[in-house]
Amino acid sequence: MTDYRPRLTEAEQRRIRAWHDSALAMMRVEAGAAGQTFDYLGLSLFVPPQVQPITGMSHLLGEAVLAEVRPQDRVLDMGTGSGVNALLAAGTAREVVALDVNPEAVTAARANAERNGVRIDVRESDVFSALTDADGRFDLVVFDPPFRWFEPRDLLEQATADPGYRALTAFFAQVRRHLAPGGRVLLAFGSSGDLAYLRELMDRHGFTVQEVARAELVRDGVTVEYLTFRLH
């Protein structure tokens with residue numbers, strides 16, 4: 001746990017909690033006991049019930065990955081979930097490593113790699129814990145982190161809830177040691193989380209930040225932003 005304190009008013013926190021619980025309940029209903037299959041950006045993906053599904057905003061990061069990856073890149077996909085962004089990167093990159101703390105996600109990502117005829121190295125990992133010096137450095141790190149700072153109640157919720165932003169904070173504290181010279185980061189986030197805290201982390205760790213994708217929707221009379229950033 002970090003010493004994180006929300007940069008949001010109490011009313012904003014209550015609203016985000018209500019959105020979070022509503023979205024989570026909907027995900028559970030849609031996944032059911034059998035999981036879901038998605039056709040997404042040229043991939044066929046099976047997502048089991050305890051793994052984050054493809055959402056209406058997933059393409060903001062997915063399309064950024066397709067546009068960013070170079071043939072010579074070594075790519076690290078942090079929080080890979082069903083493996084989606086690792087698989088997108090693997091269509092171009094020379095090597096892809098995918099990490100997730102959820103063992104169900106690791107199994108799903110491996111199965112989806114086989115399903116799509118793609119080779120990626122998938123590992124169970126708490127942030128960077130599964131990497132060693134032998135893994136070297138990466139030209140591109142992709143991260144679709146949990147937006148909210150809540151305590152998760154199960155594996156599915158863990159995909160969208162990072163207690164006290166422990167993982168997000170650790171990511172920024174450690175990512176530079178895993179980046180090759182000139183390395184880049186693609187990261188998705190939104191104002192249904194504490195966007196001000198993310199901006200503080202990016203600034204604190206000296207990243208140059210470019211917004212490469214944005215979408216907005218109005219929910220309960222409030223405009224919600226979904227963003228993909230390129231950091232270097």
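Worth a mention:
- Residues of the stretch 4-55 classified as in a loop (DSSP other than H, G, I, E, B) and aromatic (Phe, Trp, Tyr), total: 1
- Single residue of 28, 110, 94 found to be of a type in the set (Lys, Arg), free of Cβ contacts under 8 Å to residues at least 24 places away in the same chain and farther than 20 Å from residue 193 by Cα: 94
- Residue match in the stretch 34-42 (condition: open to solvent by less than 10 Å² (accessible area, probe 1.4 Å) and either of a type in the set (S, T, N, Q) or at pLDDT below 95 (or both)): no
- Residue list for the stretch 186-223, restricted to those being out of contact with any strand residue (DSSP E or B) (no Cβ under 7 Å at 6 or more places or on another chain), exposed (fewer than 11 other Cβ atoms within 10 Å of the Cβ) and in a strand (DSSP E or B): 218
- Filtering 75, 118 for residues that are farther than 25 Å from residue 191 by Cβ, in a strand (DSSP E or B) and in contact with a helix residue (DSSP H, G or I) (Cβ under 7 Å, 6 or more places away or on another chain) leaves a single hit, 75.
- For the stretch 1-27, the tally of residues that are open to solvent by 80 Å² or more (accessible area, probe 1.4 Å) and within 19 Å of the chain's Cα centre (by Cα) stands at 0.
- Exactly one residue among 65, 127 is among the hydrophobic types (A, V, I, L, M, F, W, C) and in a loop (DSSP other than H, G, I, E, B), and that residue is 127.
- Positions within the stretch 59-81 being within 18 Å of residue 161 (Cβ to Cβ) and in contact with a Phe, Trp or Tyr (Cβ under 9 Å, 6 or more places away or on another chain), in sequence order: 78, 79
- Checked against (1) open to solvent by 40 Å² or more (accessible area, probe 1.4 Å); (2) under 15 Å from residue 199 (Cα atoms); (3) of a type in the set (S, T, N, Q), residue 174 meets all criteria but (2).
- Of the residues making up the stretch 164-185, those that are assigned to a helix (DSSP H, G or I) and under 23 Å from residue 60 (Cα atoms) are 165, 167, 168, 169, 171, 172, 175.
- Hits in the stretch 131-145 (condition: assigned to a loop (DSSP other than H, G, I, E, B) and surrounded by fewer than 17 Cβ atoms within 10 Å (Cβ to Cβ)): 132, 136, 137
The values are calculated or read from the model by the stated rules, or taken from the named source; none is laboratory data. Computed from a predicted model, the values in this text were never measured in an experiment. Ideal geometry is used to build each Cβ from the backbone, glycine not excepted, and the neighbour counts take in all protein chains shown. To get the accessible areas, we keep the full protein, side chains included, count just its heavy atoms, and leave off ligands, DNA and RNA. Shrake-Rupley method; radii C 1.70, N 1.55, O 1.52, S 1.80 Å.
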